[in-house]
Every structure is written in C-alpha cells, then in structure tokens.
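Heads up: the structure comes next, in structure tokens.
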Amino acid sequence: MKHIFNIFMIGIAAIILLPSCKKWLDVQPQDKFTELQVYEDLGGAGNALNGIYLLMAGNPLYGNNLTMGTLEVFAQRYNIGTQHNRVRFQSYSYGEQDVMANLASIWENAYVAIVNANQFVKSMELYKSPKITAADDSIMRGEAIGLRAMLHFDLLRMFGPMYNTADSVAKSIPYYRTAATTAAELLPASQVMDSILYDLSVAETLLQNDPIIREGVVKTVVGDGRDFFRNRNQRMNYYAIKALQARVHLYRENKPEALKAAKFVIEQSANRFPWINPSRIINDKTNPDRVFSSELILCLFNINLYNTNRNLLAPEVMDASILAPNDTRLKAVFENNENDYRYNPMWALPSTGAKSYKTFYKYTDVQATDSSFRFKMPLIRKSELYYIAAECETDPVAAKQYLNTVRYNRGLVDVSASANIITELQKEYQKEFWGEGQLFYFYKRRKVTSVPNSASTSGNVTMNAAKYVFPLPLSETQYR
C-alpha cells in the first residue's frame, strides 16, 4: 500500500510547495478545477465511475487473477505439472518471488480501485452539480459504495483468516471509506464484515430506485450522458447488492440472513434474469452464449477478455503455460455427463494446437461481433442464489428443490431424495463456476481439508489455513 499512498503524498506536496503569494490564493488550483469539471455533469461523473469498473476488469483483478487465473490454480482446477510456469502457485509456495508478486498485484490493484471508489463518492458529495439530479447521484454513489464493499470482501476472502465464528476477532485487512494518505490498521475480521454489511446497506438504500427494478427496458439515447443506466446487469445494481448480502452473510455463517437475501433475489428478479435458453448454447454452434449472459446479475465488460483467453486457455498455448485440466479429472467433475450444458460446448478437443486433451472454450470469442454477451466477465450469477438458498434452507425437501432447479436448467435430472446436500453443492460449485474464481472461496468457507490434486489423475491435496490464507504483501507489513 505504501507506494499507492505515495501517489497522494506527491499531489499534496505539490500543493504545499506552491509560491506563498496572495495571487495564488485567488486562482482555482488546476487539479481542483479539472476535478470540478469532471463532476459537473453526468457524462464526466459517469466516466469517473466507469474508471473503477475498468480497473476491476484489468488482469490483476477480475480480468484474470480473480476469475480464470490465479484463484482457479489455487482451487486445483488445472493440470499444473513440474514443468509448468505456475507450479509454485499449484503448491501454494507463497514465499516464492513470482507468487508473492502476483498476490501483491492483487492486493495493490484492489486497493487502488477502492481508493478510486472513495474519491468518487467524496467528489460527488463535494461538488453536487446542479446538472446531476438527486436520483442519478444516488444511483451512482450506490454503485461506487457497493463496489467498495465487494472489493473489500474479496480481499477478506483471500487475505483474511479462516472464518470460524460469526464474531471472528483474528486480524485481517484494513477497511477504507476515505481516500486516505496513510495506511489504516489491520482490523479483526468481524469488524471488516460489519463494515462490508454496513456499506451494502447504504448502497441498498441509495439504489432503491435503480432502473433495473422497474418493469420494461430502460430507454436511453446514446450520447445523452445517461448511458450508465443501460445494461444494469453489467453494473453494481440493486439485485447485485442483495446477492452480495447473501454471499457475505453465508460466509459469516449467518444462514437465516443469507437465506432471506437469496430468496429475495430469487423471487423478486426471476423475470429480470431468465435462465439461459438451451438453444443459445447447444444449437448455435457458431455463436454460443457460453457465459449464460441472461443469468448474470453482475458482470464486467472486459475488452481484453479474448486476448487473455488466447494467452492462458487457447489450444495454441504451450503445455508449460496453458491452463487446462487433466481429462480424467475433468470427466470426474462432470460425471461423464455430456448432457450438462456446462460441459458441452464449454470443453472440446481442439482441432488446432496439437492438444490431446480438452481445453476451455468459455471465454472464446464468437463470430457475431454484435452479440450482446461479448466481453462479459461473470461476477455474480443467479444460480449462486439458489445454491445459497439450498445450503441455508432448514427443510431438506425445499433445499433440494433449489438445487434441482439449477440442475434442470443445466440439462440434468434431479438428485436423489437421499443425496447429501453439501456433497451435491460442492459438485455444483465445481461445475458451475469454472473460470469465475468462486470454487476456492467455497473450499475455504466450508473448510474443506482435502481437494482433488490437479497435477495427477488421482489423489488429493491436503488443505489447511496456511494454504487458504494468503500472506499480506511485504509492502503492507514492513512499514507497520
């Protein structure tokens, strides 16, 4: 964090060193004038808000590390042999230079995005442009505060302790609500949770008039400065806030509140996020919607998605670099069921690249460049709310109904009446969220002690707190 704060200190020093002459007091500082201009209308403020999303879509965060890359390696998704360039990640060698640098990049870029969110909220409150209505201001600040909460939560899920009780007092991460110029103290995990839930509550209130709640499609004119009201499932919308509340409460083991929030999203937004039509996946061989875009409650528009795919997942990538599973492991995850929409056409034996194993096509581009689902990186999808409801529901029959609803919409039959719900949920997380980074969090939350070893066709890797808890970067610890 130190070098992040240095950026702010340089700016402060530049102001302090201005000549102490009265005429300087009569002139608006250039940086202040520029910032005032940015926030004087919806177009400028919207661009500033979009900048936070762009930071999040970068490779250090959700464009790679927190979705298809680092977190999936830690979840033992890919076949990482001894000659692979990620072998130190697969073995959780957090003290190795490449792993340390990667985790530091995640930490630092997440906090840069948080600082930008805080600066956005501060500037919206400070300038209060008459060209921005109170309703529009409320929605934009709600988005920024919601993003701030989500970023902190994911940092807690990575760098925070194993969350053993609802009031875990183990030290975790700092929480920032202002664009601070000094490092904040490391807080007990429970206090971070309190701050996350508080911010989500504030964001919920600010987004209570979110256009996504209203019936019909929100009409806008391109260039009218209101473009951020379109495609609300690509933004931190009202239902995304409620879904995050469910996710956070479940992580804290507050199942009644998690169930309440999950059921709210399921019941109130069923028509807003319809299940994927199988024809969009199975029948359309040229332009399949492999991200199931209609189901996405929150996603990022990642303009570099297909470049990242070509560098990590494509058949042309060398064996020592490609992120692909062992075929035996892959078949085991999907239980050799070709009817599962998440297996076919997501995985295929390449016709090019001389690979003898199936590779991942979820983030492969399609021919129709005007497809609405292009460049979408999933962050929250409706199926997760059904999984949360299934895990939290005390009635076993109702729990299986939630689980079977997802399975039905993935081309599968119901689980048996005697099936163990947690066992089945773990299978579902393994299938549903490939390339989205959620499986590692599931393992950590559930305190799973043994997961399949991705580097072999059999055997498991023993997991513990030393592997589940990422060490804080040296830039964060050496100055405390």
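The values are calculated or read from the model by the stated rules, or taken from the named source; none is laboratory data. This structure is a prediction, so every number in the text was calculated from the model and none was measured. All Cβ positions, even for glycine, are placed from backbone atoms using ideal geometry, and neighbour counts span all protein chains on display. We work out accessible area using only protein heavy atoms, side chains counted, and drop any ligands, DNA or RNA first. Shrake-Rupley method; radii C 1.70, N 1.55, O 1.52, S 1.80 Å.
Of all the criteria given as (1) without any contact (Cβ under 8 Å) to a residue 24 or more places away in the chain; (2) surrounded by fewer than 17 Cβ atoms within 10 Å (Cβ to Cβ); (3) not in a loop (DSSP other than H, G, I, E, B), the one not satisfied by VAL99 is (2).
Is there a residue being loosely packed, with under 13 Cβ neighbours inside 10 Å, among the small types (Gly, Ala, Ser), within 30 Å of TYR239 (Cβ to Cβ) and at pLDDT below 95 anywhere in region 355-367? Step through it out loud before you land on a result.
Kept after step one, since they are loosely packed, with under 13 Cβ neighbours inside 10 Å, are these residues of region 355-367: 356, 367.
Still in the list and also among the small types (Gly, Ala, Ser): 356.
Applying the additional criterion that residues be within 30 Å of TYR239 (Cβ to Cβ) yields none.
Checked region 355-367: no residue is loosely packed, with under 13 Cβ neighbours inside 10 Å, among the small types (Gly, Ala, Ser), within 30 Å of TYR239 (Cβ to Cβ) and at pLDDT below 95.
Here ALA48, ALA104, ALA149 are screened, and the one residue that is open to solvent by less than 10 Å² (accessible area, probe 1.4 Å) and either at pLDDT 95 or above or part of a helix (DSSP H, G or I) (or both) is ALA149. Where helices (runs of 4 or more DSSP H) fall wholly inside region 377-480, the ranges with 1 or more residues that are within 30 Å of THR359 (Cβ to Cβ) are 382-392, 396-408, 421-432, 438-446, 465-468. For ALA57, the stated conditions hold: it is surrounded by 15 or more Cβ atoms within 10 Å (Cβ to Cβ) and modelled with pLDDT of 95 or more.
Among the residues of region 107-133, those that are over 30 Å from THR462 (Cα atoms) and either open to solvent by less than 30 Å² (accessible area, probe 1.4 Å) or touching a strand residue (DSSP E or B) at 6+ places or on another chain (Cβ under 6 Å) (or both) comprise TYR111, ALA113, ILE114, VAL115, ALA117, ASN118, PHE120, VAL121, SER123, MET124, SER129, ILE132.
Rundown of residues vs (1) modelled with pLDDT of 95 or more; (2) open to solvent by 60 Å² or more (accessible area, probe 1.4 Å), yes/no style:
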site	(1), (2)
MET377	yes, no
GLN426	yes, no
SER458	no, yes
MET463	yes, no
SER475	no, no
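Here are ILE297, ILE322: which of them is crowded, with 17+ Cβ neighbours inside 10 Å and either more than 21 Å from the chain's Cα centre (by Cα) or farther than 29 Å from LEU49 by Cα (or both)? Give the derivation first.
Numbers: ILE297 fails: either more than 21 Å from the chain's Cα centre (by Cα) or farther than 29 Å from LEU49 by Cα (or both).
Answer to the check: ILE322.
Table: residues versus (1) of a type outside the set (Lys, Arg); (2) at pLDDT 95 or above; (3) in contact with a Lys or Arg (Cβ under 7 Å, 6 or more places away or on another chain).
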{"position": "GLU257", "(1), (2), (3)": "yes, yes, no"}
{"position": "ALA261", "(1), (2), (3)": "yes, yes, yes"}
{"position": "PHE264", "(1), (2), (3)": "yes, yes, yes"}
{"position": "GLN268", "(1), (2), (3)": "yes, no, no"}
{"position": "SER279", "(1), (2), (3)": "yes, no, no"}
{"position": "ASP284", "(1), (2), (3)": "yes, no, no"}
{"position": "ARG290", "(1), (2), (3)": "no, yes, yes"}
{"position": "SER293", "(1), (2), (3)": "yes, yes, yes"}
{"position": "LEU296", "(1), (2), (3)": "yes, yes, yes"}
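For region 383-432, the candidate set comprises residues that are in contact with an Asp or Glu (Cβ under 9 Å, 6 or more places away or on another chain), touching a residue at least 12 places away in the same chain (Cβ under 8 Å) and of a type in the set (S, T, N, Q); within that set, the residue that is nearest to TRP275 (Cα to Cα) is ASN409.
Tell me which residues, restricted to region 437-450, are open to solvent by less than 30 Å² (accessible area, probe 1.4 Å) and either free of Cβ contacts under 8 Å to residues at least 24 places away in the same chain or closer than 18 Å to LEU323 by Cα (or both). Full working, then the answer.
The first filter runs over region 437-450 and keeps only residues open to solvent by less than 30 Å² (accessible area, probe 1.4 Å), leaving 437-444, 448.
Listed by number, the residues that qualify are GLY437, GLN438, LEU439, PHE440, PHE442, VAL448.
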